[in-house]
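Every number in this text was worked out from the coordinates using simple rules, so none of it is lab data. This structure is a prediction, so every number in the text was calculated from the model and none was measured. Cβ placement follows ideal geometry from the backbone for every residue including glycine, while neighbour counts extend to all protein chains displayed.
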Amino acid sequence: MTATKSTHPDWVLIHKKTNTEIKKINNKFYLYGVKSVYDKTIKRSKKISLGILGSITPRKRICTSEKNELKIKGQKSYYNKSVLAFEYGLAKWLLETFDNEGIT
């Protein structure tokens, strides 16, 4: 197996960490999250992309992606979480009262 030398500039390679991948699209550099998952059918690991983390600028910094920020913000919302009903006693009393009066 021969070692291949990366064609990316040094200012891009300083952002390469574990579980990340650098992609060059339209002469711009982007940092993506990746993970490996073993596939039993092909008997080797497959690379799974987790989405864009940000773009890499020549000023040696990463500009975070709006898509990634929205994904993180969406995970913090209450939409995906269960909500408890704290007013259970009042709701139960109302339902029982309506049933006794024949309103329901």
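So here's what we get for this one:
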{"item": "Computed over segment 13-56: relative contact order in percent, which uses C-alpha pairs under 8 Å that are six or more apart", "result": "34 percent"}
{"item": "Aspartates and glutamates with Cα under 14 Å of residue 47, excluding same-chain neighbours fewer than 8 positions away", "result": "21, 39"}
{"item": "Equivalent ellipsoid semi-axes - Cα gyration tensor, segment 10-77, angstrom", "result": "24, 18, 9"}
{"item": "Theoretical gain in end-to-end length, residue 7 to residue 34 [0.36 nm per residue, Cα-Cα removed]", "result": "7.8 nm"}
{"item": "Among 36-47, 15-26, the order from most to least packed when residues are scored by Cβ within 10 Å on average", "result": "15-26, 36-47"}
{"item": "All lysines inside 26 Å of residue 92 as judged from Cα atoms, apart from same-chain residues fewer than 8 positions distant", "result": "81"}
